[in-house]
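Written below as structure tokens is the structure these notes are about.
Taken together, the values in this text are just the output of simple stated rules run on the coordinates, not laboratory data. Note that the coordinates shown come from a computational prediction; the quantities given were computed from them, not determined experimentally. Neighbour counts are summed over all protein chains in view; Cβ atoms, including those assigned to glycine, are modelled from backbone coordinates with ideal geometry.
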Amino acid sequence: MRTTSLLLALAALLALAAQPAAAAKPRQARFLAKFEGTVKTDWNVPRHQLGASCFRTNWGEGSGSETWTVRSTGENRVLASDNGVATQLQYGSWRPNADTRQGGLRAKGEVMRSGVRKTSFTPGTCGLGESGDDPRPPTDCGTRLVNYEVGLPYWKGEVVPDVLAAGNGIREKIRFETCPIITPRNVLAGSWPAVEGKLSRTALYGGRKTLTITGRDAWTGRTRTPGGAPDSTATTSVRWKLVLTRVRGR
């Protein structure tokens, strides 16, 4: 009888041990988020010879710049959830799995672009001909005011902001079509460069009230200019700051 009781107790213990462990409760953290960033591009094509004939020598040159600033607006709620494998960020609500239809922080921005490509002419190789400037085609340079969403992809302790136009009217002119710009080869004009900032999971789910994450980088491209002129250059720099203020008990 005693042996039977021991066997039954052992079987119960084995059955209990065989049961799957309860899933760990996901860690969560709530924040109010603020973002600001600037992308700056400058480019220059020195005056250089395009071609020559007896009666005319053609020249080309150009320069320009662009300053793109973005700032978050209003109250941006962010919920960070960690299931032990990855962290997901939800925007617009602290209620888990809320259908906010929001892909990032609400933001507004300003893009100011100037640029000119100029061609001119001087007398040709025979000393004949005149000097002057060729007519310039019209451009749409100027300022654009744009609404954005700033996504915050998070992976392995890094945040890489992604700025995308969102919530603009279909008739709003938010892009440039004919205003010239030159960027380094690894920078796509009109797209926010991918620059990471450090944010550990320990800090994300820790007790610090305010988390400040920053990122910055710069690139310079050079292209050989024909006719022995100095190289054409293009420089783009980006810097951004994200401030997460922890919210408890709401």
With the charge dipole of the chain built from beta-carbon charges (+1 for Lys and Arg, -1 for Asp and Glu) about the Cα centre, the Cα from Thr220, Gly124, Val78 projecting farthest to the positive end belongs to Val78
Taking Val111, Val163, Val85 and counting other beta carbon atoms within 10 angstrom, the fewest-first order is Val85, Val111, Val163
Taking the chain as the reference, fit the longest principal axis to its C-alpha atoms, fit the long axis of helix 2-18 to the helix C-alpha atoms, and give the angle between the two in degrees, 0 to 90, nearest 10.
10 degrees
Tell me the mean residue ellipticity at 222 nm calculated for the chain from its helices only (DSSP H runs of n ≥ 4, each -39500 (n - 2.57), averaged over every residue, nearest 500).
-2500 deg cm²/dmol
Among all the aspartates and glutamates, which ones have a C-alpha under 17 Å from Lys156's C-alpha, if same-chain residues fewer than 8 places away are not counted?
Asp82, Glu196
So if we plug the beta-carbon distance of Lys156 and Thr125 into 1/(1 + (r/R0)^6) with R0 = 45 Å, what FRET efficiency do we get, rounded to 0.05?
0.15
Cβ-Cβ FRET estimate between Ala229 and Ser191, R0 fixed at 35 Å, reported to 0.05:
0.75
For Cys179, Cys126, what ranking results if the residue with the fewest other Cβ atoms within 10 Å of its Cβ goes first?
Cys126, Cys179
Give the separation of the Cα centroids, region 128-167 to region 28-45, in Å.
14 Å
Starting at the first residue of region 151-164, write each ³J(HN,Hα) from the Karplus equation 6.51 cos²θ - 1.76 cosθ + 1.60 with θ = phi - 60°, in whole Hz, x for Gly and Pro.
x, 10, x, 10, 7, 6, x, 10, 10, 10, x, 10, 9, 10
Under 5 Å, built H, 5+ apart or other chain: amide partners of Arg47:
none
Provide Phe55, Phe35, Phe176 in ascending order of the number of other Cβ atoms located within 10 Å of each residue's Cβ, fewest first.
Phe55, Phe176, Phe35
Once label points are set 7 Å from the Cα along Cα→Cβ at both Ala86 and Asn168, what is their separation, rounded to one decimal in nm?
2.9 nm
Got a sec to turn the phi values of region 80-85 into Karplus ³J(HN,Hα) couplings, 6.51 cos²θ - 1.76 cosθ + 1.60 with θ = phi - 60°, whole Hz, x for Gly and Pro?
9, 10, 10, 9, x, 10
To the nearest 0.05, how large is the calculated FRET efficiency for Ser200 and Trp94 if R₀ is 22 Å and r is the Cβ-Cβ distance?
0.50
With a point put 7 Å past each Cα toward its Cβ, work out how far Arg71 is from Arg208 in nm, to one decimal.
2.5 nm
